[in-house]
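First the structure, in the form of structure tokens, and then the observations on it.
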Amino acid sequence: MSSLNAAVARVTDRIAARSRTGRQRYLDLMEREADRHRREMMGCSNLAHGFAAALEDKEAIATSRGPNIAIVTAYNDMLSAHQPYGRYPEQMKLFAREVGATAQVAGGVPAMCDGVTQGMDGMELSLFSRDTIALSAAVAMSHAMFDGMALLGICDKIVPGLVIGALRFGHLPAVFIPSGPMPSGIANKEKQKVRQLYAEGKCGRAELLASESASYHSPGTCTFYGTANSNQMMMEMMGLHVPGAAFVPPNTPLRQALTRAAVHRLAAMGKGGNDYRPMARVVDEKAIVNAVVGLLATGGSTNHAIHLPAMARAAGILLDWEDIDELSAAVPMITRVYPNGSGDVNHFHAAGGMGLVIRELLGAGLAHADVLTVAEGGMAQYAEEPFLDGDSLAWRPSPAESADPTMISSMAKPFMPDGGMRLVQGNLGRGTFKTSAVGEDRWTIEAPVRVFETQEAVSEAFKAGELDRDVIVVVRFQGPRANGMPELHKLTPPLGVLQDRGFNVALVTDGRMSGASGKVPAAIHVTPEALGGGPLSLLRDGDVVRLCANKGQLDVLADLTGREPALPGEAMFGTGRELFAMFRHAAGGAEQGGSAMLEMAGL
């Protein structure tokens, strides 16, 4: 194992220095919470309420005979990724009893699917569902009945929300328990081809639906490397999974064995034992840096440029985009998973998966090895792969070489010399440019802008032929305070068509695109957002903008002095959006995590 990379060490030290006061305040709070919120301190009436329905476990809970594990679940059977969770609680209760522990479902959290809501009004609730999930997790954990947290969540906002909520109970140990990806469907290139044909009007809705149904087709996580699967990668890198749990398929013996091991580890890590591993100590500055490094090495979702700062803040840690940018320059990208490559996460897992990636990172000194994890073997165990030895779960070294060098390469032969997530900034603000999915010949675009305020208006202009030229499409009033910062997936097919027609095209927006975004150059999450007079509000059609990932540039070449900022359209009503007005009103900037809850809490 090599010594720690100088850039990784430097960024980690900078984050720790910047966070010193807030981090100590958080740790002090967790120490006080550990002393104050114990089941044995509860009144008899309180305690009786807490175990009244625990028919098989009443005596054990009443007498504190063993640790009581909280199950916080994001189960619903509309989300394919979360449908397998329906049977987990009963299984987990049995696994807990095997080691003298008990388990109760402490509460459920909402779990919306961005795949269902993309391009729909419901997407405007998506980012703030993360705050709602964190709040719901806090409600679930508020009963002081528990000695550990089993967190059942996978998809886009759900894992970050659970992390934020659980960290406020960080005096307890926590393990995230995934359910695994669905089997691979049709080839990703074929899916992308049909989407573009539909955007051009060359195939109908029936053909498009048949294609999408062949891709998203059964229980399990969607198989492209978007935010959901980036979440699973990060839980491995942060030491919050049982090692190797991320991409094992659902409803298999190995998946069940990993869930069993997670429950057993939770029972062993409580304060009453001799292996106390509170979440507050697992999620430290080094763990956050490891998560960023994993994101960059695997070409993960740009959504985590927002989620990671928010998650870090919940642990008293301050992470910003300059930290991510500097790490990106130091961390080579060694995987290509769709949309950055042709294979999906099942192919990635078969090629060596997270064990191989983590071994490469540790071997190159690009990840912190000296971190506390839920695994007894520390970070080194995450460089191994789980398997069943008869009926027993065991781990063995990950493969020495990738089984598919087109999916996973090595530090000696990376796909890109950097992590492909760059900070662009200038007189239009600061944004994120994901270079890993974009050809290098398109990293610099200079063109007149066409300004829009909705995805629908872009689609109409595209269909009318108004964008058949070199153009930078600006979609503004899409930030957290304007409309909840939806993902703008409707833009990808038409902009991709324009690019294929030979035009120089780019997107600049204060909205979001996820790990599912593709080949069109884009400055996303631009902050300050247009609402409130941000520079994007001053742009007019025809202004020339220069976007350059090589130089980290986001500039308008026109003089904006004296211009009056444009104003957004009417407030959003319907689909429950009016209920989230308080979140929009109080939301922080994208670089700070886009959270109303964290802003109002002063975190």
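Rule-based calculations on the coordinates, nothing more; no lab input. Fair warning: this is a prediction, and the values are worked out from it, not measured in the lab. In this analysis, Cβ positions are derived from the backbone assuming ideal geometry, glycine residues included, and neighbour counts consider all displayed protein chains.
May I ask which of Lys157/Lys193; Lys193/Lys286; Lys189/Lys286 have a Cα-Cα span longer than 32 Å here?
Cα-Cα > 32 Å for Lys193/Lys286; Lys189/Lys286; rest within.
For segment 424-497, which GluC sites (Glu not before Pro) are both in a DSSP coil and crowded by at most 12 other Cβ atoms within 10 Å?
Sparse-neighbourhood loop GluC sites (Glu not before Pro): Glu466.
So for segment 421-569, taking the charge dipole from beta-carbon charges (+1 Lys/Arg, -1 Asp/Glu), which of Val458, Ala523, Pro565 sits furthest toward the positive end?
Farthest along the dipole direction, towards plus: Ala523.
Scan segment 177-260 for trypsin sites (Lys or Arg not before Pro) in coil per DSSP, keeping those whose Cβ has at most 10 other Cβ atoms within 10 Å, and list them by number.
Lys202
Neighbouring Cβ atoms within 10 Å as the yardstick, rank Thr298, Thr406, Thr259 fewest first.
Ranked by crowding around the Cβ, least crowded first: Thr406, Thr259, Thr298.
Using the per-residue mean of other Cβ atoms lying within 10 Å as a proxy for protection, in what order, highest first, do the peptides 45-55, 170-180 fall?
With the highest mean Cβ count within 10 Å placed first, the list reads 170-180, 45-55.
For segment 393-528, give the magnitude of the charge dipole about the Cα centre (Cβ charges: +1 Lys/Arg, -1 Asp/Glu; no others), in debye to the nearest 20.
300
Would you mind telling me the antiparallel percentage of the DSSP bridges in the chain, rounded to 5?
In the chain, approximately 50 percent of DSSP beta bridges are antiparallel ones.
Provide Rg over Rh for the chain; use the alpha carbon set for both Rg and the Kirkwood Rh (inverse mean inverse pair distance).
Looking at the chain, the ratio lands at 0.97.
Work out the length of the dipole vector of the chain about its Cα centre, built from +1 on the beta-carbon of each Lys and Arg and -1 on the beta-carbon of each Asp and Glu, and round it to the nearest 20 debye.
So the magnitude is around 500 debye.
Counting only helical runs of four or more DSSP H residues, what would the 222 nm mean residue ellipticity of the chain come to if each run contributes -39,500 (n - 2.57) and the total is spread over all its residues?
Rounded to the nearest 500, the figure is -11000 deg cm²/dmol.
State, as an integer percentage, the relative contact order of segment 540-583 based on alpha-carbon contacts under 8 Å between residues 6 or more apart.
Contact order relative to length: 23 percent.
Take the cross-link list Lys434/Lys551; Lys434/Lys519; Lys191/Lys519; Lys202/Lys519; Lys202/Lys463 and give me the ones stretching past 19 Å between alpha-carbons.
From Lys434/Lys551; Lys434/Lys519; Lys191/Lys519; Lys202/Lys519; Lys202/Lys463, over 19 Å: Lys202/Lys519.
Tell me which DSSP H helices of the chain clear both cut-offs, 24 Å or more of axial length from alpha-carbon atoms and a mean Kyte-Doolittle hydropathy of at least -1.0.
Helices passing the filter in the chain: 6-36.
Within segment 145-222, which GluC sites (Glu not before Pro) sit in a loop by DSSP and count at most 16 neighbouring Cβ atoms inside 10 Å?
Glu200
Using the Cβ atoms and a cut-off under 15 Å, what net charge is assigned to the surroundings of Thr221, where Lys and Arg are +1 and Asp and Glu are -1?
Result for the local shell: -3.
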